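Presented below is the structure to which this report refers.
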Amino acid sequence: MARTRKKPLPIIPVKATISSLTHDGRGVTHVDGKAVFIDAALPGEEVEFLYTEIRRDYAEGRVVKVLTASEHRVEPLCPHFDICGGCSFQHVDSATQIQIKQGLLEEQFKRIGKISISELWEPLIGPHWGYRRKARMGVKYVAKKSRVLVGFREKRNPYLAEMDNCVVMHPIVGTRLVALGEMIEGLSIRELIPQIEVAIGDEQCVLSIRVLEPPTAEDQEKMRAFGKAHNLTLCLQSKGPDTIVPLDGEPEVIPTYALPDHGITFKFRPAIFTQVNYEINRLMVNRVLDTLNLTKDDTVLDLFCGLGNFTLPLAKYAGLVVGVEGDLPLVKHARENARHNGIENAEFYAADLSKDISDQPWANRKYNKILLDPSRAGASEVLHHFKHWQPEQIVYVSCNPSTLARDAGILVNDLGYKLVKAGVMDMFPQTGHVESIALFER
């Protein structure tokens, strides 16, 4: 059967007025009754756009000319903003970015959770640029350009963006993309390196280079020289995260980050999950601790605990904290970090929290306070266990306002908790990602 060919996209710009924003920062308009989502367009603006995709139910486009600009529009700092898919909000002033995200949180709670936020937390705000310390960057040798590209994918496109720097990445990496590409171009395996895992600690920067074939001794020497010249540690990754190893003859470098307000330092291996924005992470941990107001009489359950980012500071003030995480390597990291910090009142367990946990010994205890920090999928599967635990306070940290709103609806409408307050935390400036926090009480 012959494949249906797509109709060619119109080449004449279309004039439209933007009515609203999507959750990822695209402007919304309607043309001939069909919704069109337009990159870099703001509500109230009149723009000319070109279609980039036309589907049966909706279409996508990009701005080619702003006819009437919003008062909140600013000039993007990054020259690659129009192409690179790493950011979606650089054309919006920083204060308005926060307002948009706060408004999205409120809208999701009303529409999905069927509840209203009666009290908003003051947003947590940190640096707007150079904040990102974890990333997976693509690598591609492009023969036609005689260049190795290093960076992120194009907007809604599988191709790697041609970029010279990244202003949201920490400068130790963000200002060295060209130099990094030039070094890789000089390797014998330049076409066999698909990605680089970036892990930047408070003092160390480790780049794990994914290699599809082993590098030669000469390749490794070039990598070693590059690392020393730029104060970076380069490692090799042949397969999964557990295959990351130092260059031949080099010691293993373990990055660290600290929570100085609580005297805690975390060690983490390069591919392990940590928050990308250390400044906001410190403020977020402090907000959780201030909210829970712990004493030695408290027994706290930390669900989706990761490497103990919240668990260990909680244990500084509570009687006992139990951390549960589905990723066993993260649990091992958490236990190592508890020992490293001399914390003895924190226990860690590996368990899939989307499955039945009723036979787990830790699940049959009582906890008067619970913290949740799940992935984007949320925590709906584990919420029915709260009937057994009966916590008096629940703090929910989320990277997805939609699943937070869904789970808030379960906690309030099904389990009888009261939503006390909620708010956003600017973990990902210049992007559409929304980090948020909510407090529930009996």
*Kindly indicate the residue of the range 182-211 that is in a helix (DSSP H, G or I) and touching a residue at least 40 places away in the same chain (Cβ under 8 Å) and also surrounded by the most Cβ atoms within 10 Å (Cβ to Cβ) among those meeting that condition.*
ILE184
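Would you mind finding the one in GLY126, GLY130, GLY138 that is open to solvent by less than 70 Å² (accessible area, probe 1.4 Å), under 22 Å from the mean Cα position of the chain (by Cα), on the phi > 0 side of the Ramachandran plot and at pLDDT 95 or above?
Numbers: GLY126 fails: on the phi > 0 side of the Ramachandran plot; GLY138 fails: on the phi > 0 side of the Ramachandran plot.
Only one candidate qualifies: GLY130.
With the condition kept exactly as written, say whether any residue in the range 364-375 is hydrophobic (A, V, I, L, M, F, W, C), touching a Cys at 6+ places or on another chain (Cβ under 9 Å) and under 20 Å from LYS421 (Cα atoms). Break it down into steps so the answer makes sense when it comes.
Applying the first criterion (hydrophobic (A, V, I, L, M, F, W, C)) to the range 364-375 yields 370-372.
Pick out the ones that are also touching a Cys at 6+ places or on another chain (Cβ under 9 Å) and you get 371.
After this cut, where a residue has to be under 20 Å from LYS421 (Cα atoms) as well, the list is 371.
Yes, that holds for at least one residue.
Determine which member of the set GLU53, GLU46 is at negative phi and at pLDDT 95 or above. Break it down into steps so the answer makes sense when it comes.
Details: GLU53 fails: at pLDDT 95 or above.
Of the residues listed, the single one that is at negative phi and at pLDDT 95 or above is GLU46.
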*Taking PRO8 as meeting all but one of (1) touching a residue at least 24 places away in the same chain (Cβ under 8 Å); (2) in a loop (DSSP other than H, G, I, E, B); (3) open to solvent by 60 Å² or more (accessible area, probe 1.4 Å), write down the number of the exception.*
(1)
*In this structure, is PHE226 aromatic (Phe, Trp, Tyr), over 22 Å from MET163 (Cβ atoms) and either modelled with pLDDT of 95 or more or surrounded by fewer than 19 Cβ atoms within 10 Å (Cβ to Cβ) (or both)?*
no
*asked:* Considering only the range 403-411, I want to know if a residue exists there that is open to solvent by 10 Å² or more (accessible area, probe 1.4 Å), within 20 Å of VAL300 (Cβ to Cβ) and either hydrophobic (A, V, I, L, M, F, W, C) or assigned to a helix (DSSP H, G or I) (or both).
replied: no
*Taking the range 379-400, which residues are open to solvent by less than 10 Å² (accessible area, probe 1.4 Å) and closer than 19 Å to ILE115 by Cβ?*
ALA379, LEU383, PHE386, PRO391, ILE394, VAL395, TYR396, VAL397, SER398
*Which of the residues spanning the range 212-234 are more than 21 Å from VAL178 (Cα to Cα), aliphatic (A, V, I, L, M) and either under 30 Å from the mean Cα position of the chain (by Cα) or not in a helix (DSSP H, G or I) (or both)?*
LEU212
_Hits in the range 412-442 - residues which are assigned to a loop (DSSP other than H, G, I, E, B), open to solvent by 30 Å² or more (accessible area, probe 1.4 Å) and within 16 Å of LEU371 (Cα to Cα)_ = ARG442
*Would you mind stating whether GLU46 is over 23 Å from the mean Cα position of the chain (by Cα) and touching a residue at least 12 places away in the same chain (Cβ under 8 Å)?*
yes
_Report every pair of residues separated by at least 6 positions or lying on different chains whose Cβ atoms are under 7 Å apart, first residue within the range 287-299 and more than 20 Å from ALA422 (Cα to Cα), second of a type in the set (D, E, K, R) and buried (at least 19 other Cβ atoms within 10 Å of the Cβ)._
ASP298/LYS369
*If ARG365 passes every condition in (1) surrounded by fewer than 18 Cβ atoms within 10 Å (Cβ to Cβ); (2) within 16 Å of THR256 (Cβ to Cβ); (3) touching a residue at least 12 places away in the same chain (Cβ under 8 Å); (4) among the charged types (D, E, K, R) but one, which one does it miss?*
(2)
*Within the range 65-93, count every residue that is of a type outside the set (Asp, Glu), open to solvent by 30 Å² or more (accessible area, probe 1.4 Å) and farther than 24 Å from ALA161 by Cα.*
4
*LYS101, sole failed condition from (1) of a type in the set (Lys, Arg); (2) open to solvent by 70 Å² or more (accessible area, probe 1.4 Å); (3) in contact (Cβ under 8 Å) with a residue 24 or more places away in the chain*: (2)
*Provide a single number: the residues in the range 406-428 that are in contact with a strand residue (DSSP E or B) (Cβ under 9 Å, 6 or more places away or on another chain) and either β-branched (Val, Ile, Thr) or closer than 30 Å to GLN90 by Cα (or both).*
10
*Members of the range 14-64 that are open to solvent by less than 30 Å² (accessible area, probe 1.4 Å), over 28 Å from GLU106 (Cβ atoms) and not in a strand (DSSP E or B)*: none
_Residues (outside any loop (DSSP other than H, G, I, E, B) and either closer than 15 Å to PHE310 by Cα or among the charged types (D, E, K, R) (or both)) located in the range 350-382_ = LYS369, ILE370, LEU371, LEU372, GLU381
*Could you give every pair whose Cβ atoms fall below 8 Å, whose first residue belongs to the range 417-434 and is closer than 18 Å to GLU119 by Cβ, and whose second residue is open to solvent by 30 Å² or more (accessible area, probe 1.4 Å) and part of a strand (DSSP E or B), counting only separations of at least 6 or pairs across chains?*
TYR417/GLU441; LYS418/GLU441; VAL420/GLU441; LYS421/LEU120; ALA422/LEU120; GLY423/LEU120
*Residue, farthest from TYR257 (Cα to Cα), within the range 321-335, restricted to residues that are touching a residue at least 40 places away in the same chain (Cβ under 8 Å) and within 24 Å of the chain's Cα centre (by Cα)*: ASP327
_Out of the strands (runs of 3 or more DSSP E) lying entirely within the range 254-343, which hold 3 or more residues that are surrounded by 21 or more Cβ atoms within 10 Å (Cβ to Cβ)?_
299-303, 320-325
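The values are calculated or read from the model by the stated rules, or taken from the named source; none is laboratory data. Because the structure is a prediction, the values reported are computed rather than measured. Counting neighbours? That spans all protein chains shown, and the Cβs are built from the backbone with ideal geometry, glycine included. To get the accessible areas, we keep the full protein, side chains included, count just its heavy atoms, and leave off ligands, DNA and RNA. Shrake-Rupley method; radii C 1.70, N 1.55, O 1.52, S 1.80 Å.
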